[in-house]
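Take a look at the structure below.
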Amino acid sequence: MSARPFPFRCTDPAGTHAELARLRESEPVSRVVLASGHEAWLVTRYQDVRLVLGDPRFSAAEAARPGGPSLDRVPMTLPDVVQLRETDGQDHQRLRRLVAPAFSAGRMERLAPMVGRTVDGLLEAMAEAGPPADLVPALTDVLPLSVVCAWLGLPRADVPRLLAWNAEITGAGPVDEVIAIQRKMCDYLAGALAERRAAPGEDLLSALVEAHDQEGALDERELVGLGQAIVFAGHTTTSNLIAASVHGLLHHPEQWSLLRRRPELLPDAVEEMLRWHLLLTDGRLRVATEDVRLADVLIRAGDPVVASINAADRDAAVYPEPDVFDPERSGAPNLAFGYGIHRCLAAHLVPVELRVCLARLLDRFPELRPAAPESGPRWKDLPRMQGLAELPVTW
C-alpha cells in the first residue's frame, strides 16, 4: 500500500471531496505522508472517524510531542505554551472544566445580541460605502475576531493587528517568520492577562486569570495557551465558513430565496453548511496507544492516524445524497467540530455567529448577488485550510 502526500493537492473543494469519496469506498483506511514527513493512516468512513476521535486509545497528546508527526509544516504551539487540544486524560479534563461553562450553548445564545450589533455595524458601513463590495474584508474576516475580542475584553482597535497575525500563522510564509508571529501573539496575550490582574473585568480573560491566581487551577503556560486558542481558533475557520456559506447561497439563488421566505430554516441550514463546506483540508491527528483494527486494517500502537472530517461528513452510509446541499436536511450530527472530549469549544459559538450573520444579511440586503460573473473562486494561500480570498457582491 503506497503512501501519498496529504492533504491532497486539489485546486478546488470538489476535487478533494472526489478523492476522499474514492478512498472511503475502496480504501477506507489508507496510507498517507504528512507535512512533517511521517507516514500515517488516513481514516475516511463516518463511524471509523468518530471512533478515532472519541476512543482514548487514540491520543492527541502523543500526536503533539516535539519531533512527532504533524499536519503542520510549522509547530502550532510554542514550547512554553500548553494548548487544550494537545492534552489528554486528567490534564484535559481539568482545563476543559475551567472553560467549558463559558462555551455552553446557553452562554453562546446570550452572545447573539452582541453578534447582531457587530454585524449591523459592519453592514451599515458597507451600505454607506455603496455597491459593489468585497464581503471578505468588509464582513467575513472582521466579524469573528470582533466578536472574540468583545467577549475576551480585548480592544476593538486591536482587531486589525490580530487579523494580520492570524493570516501569517495560517499562511505559507517562511517557518521562522510564522514562529516569530506566534511569539508576538503570545506576548500580546500575556500583556492582556497582566492588565486583567491589575484591573479585573467581567470578560473571559479576567475569569481565566482568576482561575490561575486565586484557584491555582491552571499554570501560566496553560493560561496563555487558552487565550491563544480562543483568539486563533475562534476566528480563522469561522471566517472561512461564513464566506463559503454566503458564496454558496449566492450562487444558488433558489436557496437564498428559500431562507429569505423561511428564516425558521436557518438553524438546520447552518448545520448543513457545517457538514457540506470544506474548511480544514486534512483532519484531526491522533496516535494509537495500542493495537486497533479498523476496516480490516491493523493499526499498531504508535501509528499516527488522521481522521478526515470532510470524508466522514460526506459518507453516503450516513447522509443520503451527501454531495447535495440541502438546507432542510436533518439526521445524524455532523463532525465539523470533531467528536468526543476534544470536540471544539467553539461548537456552540460558530453556529450562532453564522446564523445571526446570515439572518442580518438576508434582512439588510435581500437582493444581494454576485457582483459579476465568476470564472472560479479565488482562494487564499493556506496550507491546511480552504478560504475565499474575495467575495465581490452588489445589491
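Screening the range 30-148 for helices (runs of 4 or more DSSP H) wholly inside it with 1 or more residues that are over 26 Å from Ala211 (Cα atoms) and either of a type in the set (Asp, Glu) or touching a residue at least 40 places away in the same chain (Cβ under 8 Å) (or both) returns the ranges 46-54, 60-63, 112-129.
Just so you know, in the range 33-62 the residues that are in contact with an Asp or Glu (Cβ under 7 Å, 6 or more places away or on another chain) and not small (Gly, Ala, Ser) include one that is nearest to Val287 (Cα to Cα), and it is Arg57. Where strands (runs of 3 or more DSSP E) fall entirely within the range 282-322, those with at least 2 residues that are under 22 Å from the mean Cα position of the chain (by Cα) are at 284-288, 304-307. Counting only residues that are surrounded by 13 or more Cβ atoms within 10 Å (Cβ to Cβ) and charged (D, E, K, R), which one in the range 126-143 is farthest from Ala164 (Cα to Cα)? Top of the filtered list is Asp134. For the range 2-22, a residue qualifies if it is crowded, with 18+ Cβ neighbours inside 10 Å, part of a loop (DSSP other than H, G, I, E, B) and of a type in the set (A, V, I, L, M, F, W, C), and exactly one does: Phe6.
Looking at Val142, is it β-branched (Val, Ile, Thr) and within 20 Å of Val224 (Cα to Cα)? For Val142, the condition - β-branched (Val, Ile, Thr) and within 20 Å of Val224 (Cα to Cα) - is not met. Looking for something over 22 Å from Met385 (Cβ atoms), in contact with a Leu (Cβ under 8 Å, 6 or more places away or on another chain) and surrounded by fewer than 19 Cβ atoms within 10 Å (Cβ to Cβ) - is there at least one such residue anywhere in the range 214-233? Looking for residues that are over 22 Å from Met385 (Cβ atoms), in contact with a Leu (Cβ under 8 Å, 6 or more places away or on another chain) and surrounded by fewer than 19 Cβ atoms within 10 Å (Cβ to Cβ), one finds at least one in the range 214-233, hence yes. Tell me, yes or no, whether the range 53-62 has at least one residue that is polar (S, T, N, Q), at negative phi and surrounded by 16 or more Cβ atoms within 10 Å (Cβ to Cβ). Looking through the range 53-62, at least one residue is polar (S, T, N, Q), at negative phi and surrounded by 16 or more Cβ atoms within 10 Å (Cβ to Cβ).
In summary, His348 fulfils each of the numbered conditions (1) modelled with pLDDT of 85 or more; (2) under 25 Å from Ala127 (Cβ atoms) with the single exception of condition (2).
Test of understanding: among Arg260, Arg221, which residue is at pLDDT below 90 and in a helix (DSSP H, G or I)?
On the way: Arg260 fails: at pLDDT below 90.
Among Arg260, Arg221, only Arg221 is at pLDDT below 90 and in a helix (DSSP H, G or I).
The values are calculated or read from the model by the stated rules, or taken from the named source; none is laboratory data. Since this is a predicted model, take the numbers as computed values, not measurements. Positions of Cβ are backbone-derived with ideal geometry, glycine not excepted, and every protein chain shown enters the neighbour counts.
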